[in-house]
1. Quick check on segment 273-305: of everything there that is modelled with pLDDT of 90 or more and among the charged types (D, E, K, R), which residue is least open to solvent (accessible area, probe 1.4 Å)?
2. Can you give me the number of residues within segment 466-503 that are closer than 18 Å to Gly410 by Cβ and open to solvent by 10 Å² or more (accessible area, probe 1.4 Å)?
3. Given the conditions (1) open to solvent by less than 60 Å² (accessible area, probe 1.4 Å); (2) in a helix (DSSP H, G or I), which single one is not true for Arg270?
4. Is it the case that segment 228-250 has a residue that's surrounded by 14 or more Cβ atoms within 10 Å (Cβ to Cβ), at pLDDT 85 or above, closer than 18 Å to Leu194 by Cα and acidic (Asp, Glu)?
5. Please go through (1) without any contact (Cβ under 8 Å) to a residue 40 or more places away in the chain; (2) more than 24 Å from Pro234 (Cβ to Cβ); (3) within 35 Å of the chain's Cα centre (by Cα) for Glu207 and return the number of the only condition it doesn't satisfy.
6. Condition check: under 12 Å from Ala131 (Cα atoms), at pLDDT 95 or above and within 31 Å of the chain's Cα centre (by Cα). Does Ala202 satisfy that?
7. Applying the selection to segment 312-334, what residues are in a helix (DSSP H, G or I) and either polar (S, T, N, Q) or open to solvent by less than 10 Å² (accessible area, probe 1.4 Å) (or both)?
8. Just a yes or no: is a residue in segment 338-345 open to solvent by less than 30 Å² (accessible area, probe 1.4 Å) and modelled with pLDDT under 90?
Amino acid sequence: MTVSTRLVALPTSCCGQDWPGRIYSVNECDTKPGSPFHSYWQAVLSEPLRRDLHPRRGGALPAEPSVSDRSLGEVSPSDTVDPGAANVAAKLAEKHCGHIEAVLSAAVSDPALVAHARAYLSGADDPAGAAAIASIVDRAQNGNKTPRTFTDGWIASCGLAFAACALAELSGIASSAEDLRPLDSLRQVDSVSLRRVRGLLAFCPEEEYRRAVERLAAHRGTRSRRLVVSYLVPTRHDWVDECCADPPSAEWGLNAFYRERLWASVGTPRHLELLGWRLEESDFDAFTYGMRATMADGLGPAAAPVLVDAWDRLRIYKPWRERFVELISLIPSDEAFKLLLERYEREFAGEYLLAAMERFPVRAARVLSTVAASDSTSALLAAGLLRMHLKAHPELPGPDPAPRVPDAPGEDVPAVLTAPGRAARLPAYADPDVLPQVLLKGGGRALPADATRRLVALAKKPDERLDAVREACDRRSLADLGWALFLHGDAWALPALGWLGDGRTARDLAALIPGWVARGTRARAVKAVDAIARIGTAEALEVLDELAETVPDHAVRDAAARARP
């Protein structure tokens, strides 16, 4: 069975006017089969984002796993365990029967664990005993396939609920070549086995899932067991509450194993409040990227600020960055849309915001209208995008457009903008109907559309020809045009701000520099310093002085000092 045959169709209003555009309660984002959020989420999550997803019951389906994916513990809804796995596990235990007996007979071995192990060997339904035997054999065998062999054997012989309980117990057992004892701290359980059992529990029949949850309730006596159980059955939000209130701490140092599993378990905003965690660089690597989509699958819209905070602070490896931005763009909330809009100039943000505008047309009109009417640095961008959006969707309600200033007569337009010449190929967002109007000094007339196009073409490779434009045009409106172009993210627009910007532009650029430095884009920060220097107004020079004294990065600080006349 392929994943596509199991997808839930979008609600009829999801791509139209109603559901994605309304504010809905947090409870609607809980992991319940058929909930409004998951009906939507399951239908829009792309194949790359489904890859490496840790499924939860009622959540999005992962991509159909390949052979290599299955080796990492991924499963599909149609997967079952080979009945012969029980014999394989039994033979492995038999191979080490002498060592097992020696450890169980050791005087230093814990009596309670020994009793559980002997009961299991005698045929009792004892997950703790099964975990003890697996721990002893794993130590003797010293191979990463050993835990997976026992896990599949437990499923085949004793059932999925038993296997889940045994994995929970395994997290609290320490075995060596000589003894068997309880473990006071957290033990890393085989991630492949955990992921496989979690996936099988997510897709199993309802009655089997209910039995597993009921049985796991008796195997939550320690912090490690609670963390394992919550990862396996994350729909028990009350159990996840307890884990978030007592999360894995600094005792683990760089080992993020349980931290990752807890991120995959969260399912309500309360979990985030209890954790007080932020995503860190250690939460992004080749084997844990799927945790981000998994977290959003559980939290719904509440995931947006957590993801954006990481985007603001961390240096995310480029191959994962696009999927990360895509993930944010899929979240159906005004907050997520606005956060993406505010970062429109960043790599990948523009294309995914435009996609979100088409996915949520009503929301886009509403949020863009609000931002366009504000005094935020995104207001000019929002106004342009809103005009473009309403032009493409005339059926949508929107604010009455601000009256456009009449065009100036040709003789009043700077000659450099009317001289013959081949205009460069311009991006769609450079449509004069979308960009802010550039006013001539005096404010009563604006550059005609052709002159605006010529101005944008000149700004792509700015030089002294723009001096005449600055002399003839209102400096604020010229800066507004430059800022709108810059927010669309093309690299050429940053140097152009040096020719088109004003004092406020210098302030706005300076506010972006610390974030660029933090995310490793120092070269961009230095270019911003160069642009501020070229602006050359008194306010811009004050900004250079402040940067030369306050920016922590020495390269940016030195560039600001050199640029000061």
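The values are calculated or read from the model by the stated rules, or taken from the named source; none is laboratory data. Bear in mind the structure is a predicted one, so any value in this text is a computation, not a measurement. With ideal geometry, Cβ positions are generated from the backbone for all residues, glycine too; neighbour counts draw on all protein chains shown. Keep in mind that these areas ignore ligands, DNA and RNA; they rest on the heavy atoms of the full protein, side chains included. Shrake-Rupley method; radii C 1.70, N 1.55, O 1.52, S 1.80 Å.
1. Asp297
2. The number of residues fulfilling the criteria is 3.
3. Status for Arg270: all satisfied but (1).
4. Taking every residue of segment 228-250 in turn, none turns out to be surrounded by 14 or more Cβ atoms within 10 Å (Cβ to Cβ), at pLDDT 85 or above, closer than 18 Å to Leu194 by Cα and acidic (Asp, Glu).
5. Every listed condition holds for Glu207 apart from (2).
6. When the stated conditions are applied, Ala202 does not pass them.
7. Phe324, Val325, Leu327, Ile328, Ser329, Leu330
8. For segment 338-345, residues open to solvent by less than 30 Å² (accessible area, probe 1.4 Å) and modelled with pLDDT under 90: present.
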